[in-house]
Structures are given as C-alpha cells and as structure tokens.
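Structure first, commentary second.
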2 protein chains.
Amino acid sequence: MAFRLARLGAGPCWRGARGGGAGLRAGSWRLCRPPGAAGAEPSRGLGLGAAAAAGGGPGRRGAGLAAALAGLAGLAAAAWGHVARAEMVPRSASPPGRPGEKEEDELARRCRGFMAPPVTDLRELRGRPGDMKTQMELLILETQAQVCRALAQVDGGAGFSVDRWERKEGGGGISCVLQDGHVFEKAGVSISVVHGHLSEEAVKQMRNRGKNLKTKDGKLSFSAMGVSSVIHPKNPHAPTIHFNYRYFEVEEADGNKHWWFGGGTDLTPTYLNQEDAVHFHRTLKEACDRHGPDLYPKFKKWCDDYFYIVHRGERRGIGGIFFDDLDSPSKEEVFQFVQSCAQAVVPAYIPLVKKHCNDSFTPQEKLWQQLRRGRYVEFNLLYDRGTKFGLFTPGSRIESILMSLPLTARWEYMHSPSANSKEAEILEVLRHPRDWVH
Amino acid sequence: MAFRLARLGAGPCWRGARGGGAGLRAGSWRLCRPPGAAGAEPSRGLGLGAAAAAGGGPGRRGAGLAAALAGLAGLAAAAWGHVARAEMVPRSASPPGRPGEKEEDELARRCRGFMAPPVTDLRELRGRPGDMKTQMELLILETQAQVCRALAQVDGGAGFSVDRWERKEGGGGISCVLQDGHVFEKAGVSISVVHGHLSEEAVKQMRNRGKNLKTKDGKLSFSAMGVSSVIHPKNPHAPTIHFNYRYFEVEEADGNKHWWFGGGTDLTPTYLNQEDAVHFHRTLKEACDRHGPDLYPKFKKWCDDYFYIVHRGERRGIGGIFFDDLDSPSKEEVFQFVQSCAQAVVPAYIPLVKKHCNDSFTPQEKLWQQLRRGRYVEFNLLYDRGTKFGLFTPGSRIESILMSLPLTARWEYMHSPSANSKEAEILEVLRHPRDWVH
C-alpha cells in the first residue's frame with residue numbers, strides 16, 4: 001500500500017465559543033453521561049467499516065489545514081476503543097429490518113457514553129449514516145470518552161473537566177482536561193468538528209502548496225474534524241505522550257471534493273528507558289506494518305524531522321510516527337491505516353505509565369523533568385504550526401490550544417548535564433534519533 | 001524635538017562562540033575585574049559627550065535589524081552609571097596635552113571595571129575615540145557592570161556568571177546572569193557588539209521596509225551594538241523589568257551611512273501597586289520630557305501596542321516606553337534622548353525591588369506569579385521579533401537569547417481569577433492600559 005501526500009495548505013478561521021458542556025467534578029460542565037457508563041454496553045456504530053480518527057498537530061511539511069485544525073482545537077484521538085467495541089458486535093448480529101429505528105436507538109445509546117453531546121445535531125448525523133464525516137464524529141467522540149476513562153482509571157480518582165464549546169462559523173468541540181491529579185500533572189483530550197468556508201488567505205496558502213482549488217466568490221467550502229491529546233504525568237520516570245488523528249474535506253465550487261488524513265503519536269520521556277522506547281516504537285510499527293512495510297520507517301523519520309527543536313539541535317522526544325496530507329490510494333485504505341495507528345495509542349502508552357507512575361525519584365530528577373518541560377513549551381510555541389495558527393486566528397479557543405502546555409516548566413541559564421549522566425544519555429538520543437525496532 | 005522613524009529591516013546572521021570570559025563564582029569565566037572594583041574611581045571616557053546605549057527587544061512595527069540584534073544577543077542597558085560617573089569628572093578637569101597617552105590610561109582604567117574585556121580590540125577603540133561605535137561600546141560595557149553591581153547589591157550576595165562569547169563573522173558579546181539568588185529568580189544583563197555584512201535576505205527585508213539601500217555584490221556592511229536585560233525577582237510583589245537600548249549603522253557600497261536607535265523600558269508586575277506604577281511611569285516620563293513633550297505619550301502607547309499578547313487580549317505588563325528606528329533630527333539629539341531613557345532605568349526600578357523584596361506573600365500569590373510567568377514566556381516565544389529572529393538564525397547564542405525566560409512558569413487550564421480579586425485587578429489593567437501620569 002502506497003500513500004501519496006496531498007499538498008493542501010492553511011486552515012480556517014473560527015471562533016470558539018463556550019457552549020453548554022458536561023462536568024465530572026465541581027466547576028466543570030454538564031455531562032451527557034459520565035465516561036465509563038457505556039463501557040460495558042455493546043455498541044454498533046454508524047458506518048462501522050469506515051470510522052476515522054482526525055485531529056491536531058500540524059506537520060512542518062505539508063501540514064496546512066490539518067495543522068490549523070490541530071492547533072485550533074487541541075484535537076486528538078485513539079480509534080482503539082471504538083473499533084474494539086465494534087468488533088464485539090459484528091454487523092451480522094444486527095436484527096434485520098427497520099434500520100432507521102435501530103440506528104436511532106444505537107445512536108442515542110452511544111451518545112450516552114460520550115463526554116458531551118455530539119457537536120453535530122443528532123438529526124443531521126442520522127440523515128447521513130454512511131458519510132465519513134458522520135462516522136468520524138462518532139468515532140472521535142467515543143474515543144475521547146474511552147481515552148479519558150483509561151486515564152482516569154490510571155490516575156485513581158481524578159476527574160476530567162469537560163468544556164463543550166461552539167464555533168460561531170460552524171461546528172465546535174469538546175475539551176476534556178484532568179489537571180493536577182494523582183498520576184497526571186495535566187492530561188488533555190480534545191475533539192473538534194468544524195465546517196464552513198476557508199478564508200481567502202487560507203485558499204491562497206493552499207494554492208501555494210500546489211492545489212489550485214476553484215473557489216466561488218473567493219471562498220472554499222471545508223469540513224474538518226479530529227482528536228488531539230497531550231498527557232504529562234507527574235513522575236519523571238513516566239513519559240509524556242502526544243497523539244492526534246484528523247480528517248479533512250474541501251469542496252470546490254463545482255462540487256469536486258478533496259480529502260486527506262493526518263496524524264501521529266510520539267513519546268517524550270524525561271529519562272531514557274530502553275525497554276519502554278522499544279515497546280512504544282514496536283507497538284506503532286506493528287500497527288503500521290499491517291498496511292505496508294514502508295510506512296513505519298517513513299513516518300518514523302517524518303516524526304523525528306517534525307518534532308525537531310531547531311535552535312536546541314534536539315528532538316522534543318524519542319519520536320514515534322507522524323504523517324500528513326495522506327490522500328491515496330483510497331479514502332478507505334488510508335482510513336484503515338489511521339485507525340490502526342489510533343488503536344495502537346493505548347497499548348503503546350498506558351503500560352508505560354502504569355509501570356512508572358509509582359517509581360521513586362530524586363529532586364534532581366524532578367528538576368530535569370521541569371527543564372525538559374521547558375523544551376516542550378519551546379517546541380509548542382515556536383515550531384508547532386497548528387498551535388501558532390490557532391493562536392494567531394482571532395476568536396479561536398485559546399484554552400483548548402494551550403492545554404498541551406505542561407502545568408509547570410523551568411529554564412536555567414547554561415544548564416548542561418555532566419558527562420555520562422542519565423540526563424546526558426537522553427540528550428544524546430534527542431540529538432541523534434535511534435532505530436528502536438531492528 | 002521631533003523623531004522620525006527609519007524603516008530598515010531584518011538583521012544579520014551570526015554565530016556566537018563561547019570565548020574566554022570572566023566569572024564571579026565557581027563555574028563562570030575569567031573576569032577582567034570584579035564589578036564594583038572601579039566604582040570609586042573617577043573615570044573619563046572616550047567621546048564623553050556622545051555615549052549611547054544600544055540593544056535588544058524588537059518592535060512589532062519597524063523593528064527589523066534592531067529586533068534581530070536584540071534577540072540574538074539578549075542586548076540591554078542603562079546608560080545611567082556611565083553618565084553619572086562622567087559628570088563627576090568634567091572635561092575641564094583633564095590635564096592638557098598628550099591626549100593620546102591620557103586616553104590610553106583612561107581606557108585601561110575603565111576596562112578594569114567591566115564584567116569582561118571589551119569585544120573590540122583595545123587598539124581599535126583607541127584608534128577611533130570620537131566615533132559613536134567606540135563611545136557606545138564603552139558605554140554598554142560600563143553600564144553592564146554598573147547594573148550588575150546594583151542588582152548584586154540588592155540581592156545581598158548572589159554572584160553573576162559571566163560568559164564572554166565571540167561571533168565568528170565579527171564581534172561578540174558578554175552575557176551576565178544571576179540565577180536563583182536571594183532576591184532574584186533570574187536576572188540577565190547582556191551586551192553585544194557585532195559587525196559584518198548583512199545577508200541577501202536581510203537586505204531584502206530592509207528594502208521591503210522602504211530603504212532601497214545600495215549593495216555591493218549583494219552585500220551591505222553593518223555595525224550594531226546594544227545592551228538588554230530582563231530581571232525576574234522571586235517575591236511576587238516585586239515586579240519584573242525588561243529594558244534595552246541599541247544603535248545601528250548600515251553602510252552602503254558608495255559609503256553612504258544610515259543609522260538609527262531603538263530601545264525601551266517596561267514593567268511586568270504580578271500584582272498592581274498603584275504607587276509603584278505611577279513612580280515607574282513618572283520616572284520614564286521625566287526622562288522623555290527633557291527631550292520633547294510628545295515623546296512619552298508616543299512611546300508609552302507604542303509600548304502598550306508592542307507588548308500585546310494578542311491571543312490573550314492582554315499586555316505582558318503595565319508598559320513603560322518603547323521605540324525603534326529613530327534616526328532624526330540628528331544622531332546626537334537622538335542619542336541624548338536614549339541616554340536619558342537609559343539613565344532612568346535604575347531610579348525607576350531599583351526602589352520598587354527594595355521596597356517589596358521582603359514582602360510577605362501567600363502560596364496563592366506565588367502561584368499567580370507563576371501563571372503570569374507563563375504569559376511572559378508566551379509573549380517572548382510567540383511575539384517577540386528579536387527572540388524569534390535570534391532563535392531561527394543558525395549559530396546564534398541561544399542561551400543569551402533565552403536568558404529572558406523566567407526560571408519557572410506555570411500553565412493551568414481555564415484559570416480565571418474571581419471577580420474583585422487582586423488577580424482580577426491586574427488583569428483589568430493588562431486588558432485596558434491606564435494613563436499613570438496625569
């Protein structure tokens with residue numbers, strides 16, 4: 001399977017408004033249903049075979065609209081939960097006849113498990129059950145709830161605050177954040193589903209990237225959605241993870257449609273743990289290998305290239321996979337790949353947190369973690385295209401974009417680890433990325 | 001006195017190399033002479049009447065090369081000390097005759113008071129005593145030592161680390177940082193003196209800003225110097241200050257020279273103290289008023305506009321003054337103005353630190369300080385043109401640029417001060433800048 005990179009550019013301007021949401025603890029918002037409540041229920045989604053995860057985190061090369069959306073909403077997801085549950089109830093198990101009614105029942109049931117009601121009106125979702133946009137919105141909502149549930153379980157009690165917000169120009173999002181918990185310093189899982197018209201400037205940027213899209217009155221219709229997450233544990237021996245998966249559609253004036261996917265998963269440990277790094281990369285590689293032997297090497301390198309803090313000469317972390325503008329060989333095939341990647345997030349990451357969240361550590365190790373948090377901030381504010389696009393877009397939801405920043409960070413002048421220290425060991429890897437799977 | 005704004009753009013690429021420096025404590029570098037050693041000595045500088053302070057901190061509008069230099073070296077200065085000492089020994093007090101010998105003696109004597117030897121070779125400085133570049137280099141060196149001395153005195157014992165570095169393409173700098181002291185969390189005072197040829201890209205950016213400068217083989221000769229400082233005290237009731245003053249010269253292929261000054265001083269308190277704000281602004285206004293009644297209002301507004309964190313809808317602090325591209329009515333007159341502004345830094349700031357450095361404070365107040373530090377990081381990494389230009393210039397001295405970042409910072413999701421709190425009070429001022437002097 002060979003993927004081709006689309007060359008579509010810059011994203012939409014939106015205005016994120018705080019809408020009625022749902023809360024899991026005091027001070028947060030109304031929740032459609034607490035996460036976990038739907039966990040034991042078998043579910044059957046709309047468009048079962050074509051669910052996709054779409055989201056944030058822009059690519060330095062070829063990010064564009066994907067990037068924009070990523071940053072704007074702090075999108076991110078793991079399709080894992082949805083797919084796992086979908087497999088439990090194969091299509092053949094559905095009762096025949098009255099599919100409309102059945103769909104309605106299933107939709108209502110699934111909705112109760114989300115962190116907040118879907119962004120799109122339920123009637124609209126019911127009206128286009130086979131459309132990728134419907135499948136994806138349900139997937140990212142379900143994924144969000146499942147990831148939050150997994151994190152809350154590990155944290156041992158901390159709750160997520162849930163903010164459901166609306167975008168004035170069309171769509172909205174749901175941002176879930178667990179802050180200062182037992183295990184996690186800050187964990188954000190956010191989804192967004194937006195649509196409308198791209199600005200003249202956005203269309204111009206897309207043209208610069210090789211797509212001469214036909215506009216009507218200077219406008220271009222678009223639809224985008226995704227899920228994005230950054231999880232910072234407290235313990236310096238438990239690594240930070242970032243992941244996001246996203247999907248875009250652009251419709252020209254003559255009705256001609258373009259679509260593409262983007263996403264990735266990457267790990268940022270404070271200290272190198274060889275075994276963890278191998279586990280993480282192997283899990284991602286296995287997900288990629290199901291769709292072609294060239295994908296992991298290609299997207300592993302892309303990840304190392306993208307998360308490069310140029311002025312430090314270091315990567316942000318030990319990488320993972322990163323890709324953008326995937327628009328071939330077919331929507332279904334790329335989606336299946338994206339789904340596999342998203343499915344790999346929880347098995348790649350959660351075991352590492354469970355393994356290390358109770359490790360003992362010294363004040364020096366905590367300090368080094370804080371210095372690395374400073375580098376994380378540097379990357380996100382200076383280089384991450386999605387973050388920057390989001391922040392510079394008037395009316396975007398700043399809190400959803402900046403939920404990726406750690407709770408605390410530190411900058412020391414001329415800090416330099418001593419030779420042969422554990423700090424020097426991870427720096428060496430950040431400066432010279434390794435091959436973890438061969 | 002009316003100032004006109006030059007429209008010159010983008011800056012040089014340089015490579016900052018660590019050279020032999022001087023240290024005030026273990027781990028820092030060799031020092032020409034400890035600061036304070038020259039304090040009691042009368043001194044008489046070269047080009048006494050025309051000393052200038054030049055430095056960092058780019059303007060959002062019209063910053064260009066100034067901005068570039070600011071960020072690259074973390075430039076900044078107060079001309080105060082030099083001028084005060086110069087006034088102690090008027091020209092008429094100099095012995096007549098043998099001016100060359102006398103100059104040599106004075107130069108050597110002044111040099112002993114600096115944090116490190118001048119960037120430019122002493123023989124070259126002696127060869128052009130009346131040149132603004134000479135006057136300025138000596139001024140910023142002297143200023144750096146005096147500011148460091150004032151800070152060390154307030155801190156009550158903490159020492160500055162001194163790094164003297166060289167720029168491969170011409171010139172260099174000296175970065176002095178006091179970190180984790182008694183009073184100061186982090187205080188950096190840095191100077192740089194650089195020269196060489198502007199890159200094709202820099203010349204192009206200058207053209208875009210309205211200066212159609214004639215190049216030779218695509219190159220343009222430039223010289224720039226400045227002093228820049230950011231001082232973060234530990235106590236949340238003691239404000240952060242940033243200041244920088246800088247001077248630039250560009251020489252066209254036919255020998256035609258252009259010059260301009262830039263600079264500013266601004267305050268970032270964690271909590272509003274009305275009395276402090278009035279004192280700070282009044283001191284700066286008095287310095288400006290000596291050169292024209294229109295200057296303070298104009299540069300106060302420019303400061304409020306420049307230090308605007310767009311995505312937050314807040315200023316970084318309560319302002320001060322900011323200006324750039326000043327190139328009229330004459331070099332001498334603009335310089336006199338810059339000198340007055342720089343002279344105002346210590347009297348505007350040091351009394352505030354002395355007043356508050358022992359104030360009692362609650363953990364909540366410390367937390368709010370940390371959140372405001374986060375905003376400081378956001379401004380510096382996202383908006384400050386000098387910082388960004390510096391970081392994106394291969395080979396620039398990263399540690400000198402990022403010494404402006406606080407030691408620690410914090411980001412909480414959806415933090416919002418309660419109504420009528422002290423936190424809400426300062427936010428209101430950051431959202432709606434006040435007139436402090438009328």
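The values are calculated or read from the model by the stated rules, or taken from the named source; none is laboratory data. All values reported here derive from a predicted model rather than from experimental measurement. No Cβ is skipped: glycine too gets one built from the backbone with ideal geometry, and neighbour counts run over all protein chains shown. What goes into the accessible areas is simple: the full protein's heavy atoms, side chains included, and nothing from ligands, DNA or RNA. Shrake-Rupley method; radii C 1.70, N 1.55, O 1.52, S 1.80 Å.
Filter the range A:403-422 down to residues that are in contact (Cβ under 8 Å) with a residue 60 or more places away in the chain and not in a loop (DSSP other than H, G, I, E, B) and give me whichever is surrounded by the most Cβ atoms within 10 Å (Cβ to Cβ).
A:Ser404
In the range A:127-229, which strands (runs of 3 or more DSSP E) lie fully inside it and hold 2 or more residues that are within 17 Å of A:Ser396 (Cβ to Cβ) and open to solvent by 10 Å² or more (accessible area, probe 1.4 Å)?
Answer list for the range A:127-229: A:161-167, A:184-198.
List, please: which pairs have Cβ atoms under 6 Å, are six or more places apart or on different chains, and start with a residue in the range B:260-286 that is under 17 Å from B:Gln339 (Cα atoms) and end with one that is assigned to a helix (DSSP H, G or I) and open to solvent by 10 Å² or more (accessible area, probe 1.4 Å)?
Every condition considered, the pairs that remain are B:Thr283/B:Pro347.
Can you tell me which condition B:His279 does not meet? The list is (1) within 15 Å of the chain's Cα centre (by Cα); (2) open to solvent by 10 Å² or more (accessible area, probe 1.4 Å), and all the others hold.
(1)
Tally the residues that are surrounded by fewer than 24 Cβ atoms within 10 Å (Cβ to Cβ) and closer than 19 Å to A:Phe299 by Cβ, restricting the search to the range A:230-258.
Of the residues in the range A:230-258, 0 are surrounded by fewer than 24 Cβ atoms within 10 Å (Cβ to Cβ) and closer than 19 Å to A:Phe299 by Cβ.
In this structure, does B:Pro433 turn out to be touching an Asp or Glu at 6+ places or on another chain (Cβ under 6 Å) and open to solvent by less than 50 Å² (accessible area, probe 1.4 Å)?
No; evaluated as a whole, the condition is false for this residue.
Is it the case that the range B:342-354 has a residue that's open to solvent by 10 Å² or more (accessible area, probe 1.4 Å), modelled with pLDDT of 95 or more, within 14 Å of another protein chain (Cβ to nearest Cβ) and not in a strand (DSSP E or B)?
No: zero hits.
Being touching a Ser or Thr at 6+ places or on another chain (Cβ under 8 Å) and within 14 Å of chain A (Cβ to nearest Cβ) is the filter here; which residues of the range B:412-438 pass it?
Scanning the range B:412-438 gives B:Tyr413, B:Met414.
Could you tell me which of the residues A:Phe379, A:Phe389, A:Phe361 is more than 14 Å from chain B (Cβ to nearest Cβ) and either open to solvent by 30 Å² or more (accessible area, probe 1.4 Å) or among the aromatic types (Phe, Trp, Tyr) (or both)?
On the way: A:Phe379 fails: more than 14 Å from chain B (Cβ to nearest Cβ); A:Phe389 fails: more than 14 Å from chain B (Cβ to nearest Cβ).
None of the other options fit; the residue is A:Phe361.
Tell me, which residue of the range B:393-411 that is at the interface with chain A (Cβ under 7 Å from one of its Cβ atoms) and of a type in the set (A, V, I, L, M, F, W, C) is farthest from B:Lys168 (Cα to Cα)?
B:Trp411
Quick check on this structure: which one of B:Gln370, B:Gln339 is of a type outside the set (Lys, Arg), within 14 Å of chain A (Cβ to nearest Cβ) and assigned to a helix (DSSP H, G or I)?
Exactly one residue qualifies, and that residue is B:Gln370.
For B:Glu333, work out the one condition from (1) open to solvent by 10 Å² or more (accessible area, probe 1.4 Å); (2) in a helix (DSSP H, G or I); (3) modelled with pLDDT of 95 or more it doesn't fulfil.
(3)
Considering only residues of the range A:129-171 that are in contact with a Phe, Trp or Tyr (Cβ under 6 Å, 6 or more places away or on another chain) and closer than 21 Å to A:Phe335 by Cβ, which is nearest to the other protein chains (Cβ to nearest Cβ)?
Checked the range A:129-171; the qualifying residue nearest to the other protein chains (Cβ to nearest Cβ) is A:Ala145.
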